[in-house]
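The values are calculated or read from the model by the stated rules, or taken from the named source; none is laboratory data. Given the structure is predicted, the values throughout are model-derived calculations rather than measurements. Quick reminder, even Gly has a Cβ in these numbers, built from the backbone with ideal geometry, and neighbours come from all protein chains shown. What goes into the accessible areas is simple: the full protein's heavy atoms, side chains included, and nothing from ligands, DNA or RNA. Shrake-Rupley method; radii C 1.70, N 1.55, O 1.52, S 1.80 Å.
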Amino acid sequence: MKPIAIALTGASGMPYALTLLKELIKTQDKIYVMISQAANTVIAMETDLNLGADTQLVEKNLTNYLGAKVGQIEVFSKNQWTAPVASGSNPPRAMVVCPCTMSTLSAIANGHGDNLMHRAADVVIKEQKKLILVPRETPYSAIHLENMLKLSRLGVVIMDANPAFYQQPTSIQDLVNFVVARILDHLAVEHNLLPPWQE
């Protein structure tokens, strides 16, 4: 199976991203990862992970932190235009932007492929693969909502980082798991984070 691409932008919500990656390494042979400079900063603020600045160092630190196999995670820099995700001839199976800033959402909605992350999302849309955006912002302005509606009409899944409480969570991780479980459901990736409703 083709890899899944994960993009991390500079919004709050890095526990969602890291939990998603931890779950994906259980079932996926290869995961493509793109991390913005702002996301790198937010990761250091919200978690105990310090990725470093160099792409190879980021890949090594992320692999070690997640307990992934060597080579299972491939990290691309923002200007690495030779990456597979940059071409429609070799698109990922699906792509998730988690967390997704409003500036990234706007760039994707308006076709601004000025970095690899934006280009990869553009490729996924034009090749009619699954694209999931996990915005983490509140409140939304009319501009944000219009961009989300535009993308939704194109088939992009807008999955707000909005946990539920009916499963009676007892920790922050329970809340994180709820959102990540919904992402994995839409990726058709098996997980044991929480059972389906009424099952």
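Observations, loosely collected:
- Where the alpha-carbon atoms of the chain are placed on the principal axes, they occupy 45, 41, 33 Å, in descending order.
- Size estimate for the range 83-173 follows the Kirkwood approach: the inverse of mean 1/r over distinct Cα pairs works out to 13.9 Å.
- Area accessible to solvent at MET45, 1.4 Å probe radius, in Å²: 150
- Relative contact order (%) - the chain, alpha-carbon pairs under 8 angstrom, separation at least six: 22
- If you take all other residues with their beta carbon under 12 Å from the beta carbon of LEU105, and give Lys and Arg +1 and Asp and Glu -1, the sum is -1.
- Classified by the C-alpha gyration tensor, the range 147-199 has a prolate form. Its axis ratio a/c, with a ≥ b ≥ c, is 1.5 or above, and a/b is larger than b/c.
- The dipole here belongs to the chain: it is taken about the Cα centre, uses +1 on the Cβ of Lys and Arg and -1 on the Cβ of Asp and Glu, and is about 460 debye.
- Karplus-derived 3J(HN,Hα) values for the range 101-116, using 6.51 cos²θ - 1.76 cosθ + 1.60 with θ = phi - 60°, are 6, 5, 5, 5, 4, 5, 4, 5, 5, 10, x, 8, x, 8, 8, 4 Hz; glycine and proline are entered as x.
- Overall shape: prolate for the range 1-50, with the ratio a/c of the largest to smallest alpha carbon gyration tensor axis at 1.5 or above and a/b above b/c.
- Per residue accessible area of the range 59-192, 1.4 Å probe, in Å²: 51
- Look at the dipole of the range 68-199 built from charges on Cβ: of VAL176, GLY113, VAL134, the Cα furthest out on the positive end belongs to GLY113.
- Projecting the Cα atoms of GLY71, VAL96, VAL124 onto the charge dipole of the range 67-139, computed from C-beta unit charges around the Cα centre, puts GLY71 farthest toward the positive end.
- Under 16 Å of direct C-alpha separation, and excluding same-chain neighbours fewer than eight residues apart, LYS30 reaches these lysines: LYS2, LYS22, LYS60, LYS69.
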